[in-house]
């Protein structure tokens, strides 16, 4: 390699490193999210959105693999958000993603926080039951039990599409299960729950979801109304007290004023 070529190569590497450093200091860090949900059934569609600065002109999506991060997709377009569409996900699409963007000066942002995309439907669904019942009174203890005839290292519990908890699988004579214990339930526990199973060897490939379980906390709504009525009664009492004080002050000031006819 000639000296001139060595110098040019060194300058190029230094410029690339400097560009990345400048980007980390000058461009806002992007955020990456999955539209609707990061849990996607096999064959389903999902759109990943990378949000950054209005200066952006190109967006890149990377996926983590055994040898590190690799480029998956690159899109061009002005605006503060880049869109990456996965029209029919497969087990290969499950994993951890991150995104970047660059401006017109080819300054690149730092990477977004990683997003874990989970593909469901790898195995048969578990079942979910509530013990002692799916209808309970406020203050009562409830256990949601996720069961499966298949072996899973973990079970995950979701409520209304949001993750609630994970738990190790426990083996019993009647199968494999995980118990999710809720002490002293209240109105916030009302809702629809599902659970999934997955193994350590495939952390982003989960089973199909269990059938939905609707947990109802009976009397929770009435309890909320009682508290609301009590608050309204207290406020009404305070208003009456304040009015009484104002009337008393007005009466005192009226008595202290001289009568015009007597003075004349």
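The values are calculated or read from the model by the stated rules, or taken from the named source; none is laboratory data. Computed from a prediction, not measured in an experiment: that's the story for all the values here. Neighbour counts are summed over all protein chains in view; Cβ atoms, including those assigned to glycine, are modelled from backbone coordinates with ideal geometry.
Some values worked out for this structure:
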| item | result |
| --- | --- |
| Residues within the range 162-175 that are assigned to a strand (DSSP E or B) and farther than 14 Å from residue 129 by Cβ, tallied | 9 |
| Verdict on residue 116 being outside any loop (DSSP other than H, G, I, E, B), closer than 24 Å to residue 90 by Cα and not assigned by TED's automatic domain parsing to the domain that holds residue 208 | yes |
| Hits in the range 89-117 (condition: farther than 13 Å from residue 27 by Cα, touching a residue at least 60 places away in the same chain (Cβ under 8 Å) and buried (at least 18 other Cβ atoms within 10 Å of the Cβ)) | 94, 95, 97, 98, 99, 115, 117 |
| Residue in the range 159-168 that is crowded, with 19+ Cβ neighbours inside 10 Å and modelled with pLDDT under 95 present | no |
| Wholly within the range 53-100, strands (runs of 3 or more DSSP E) carrying at least 1 residues that are more than 26 Å from the chain's Cα centre (by Cα) | 58-65, 68-76 |
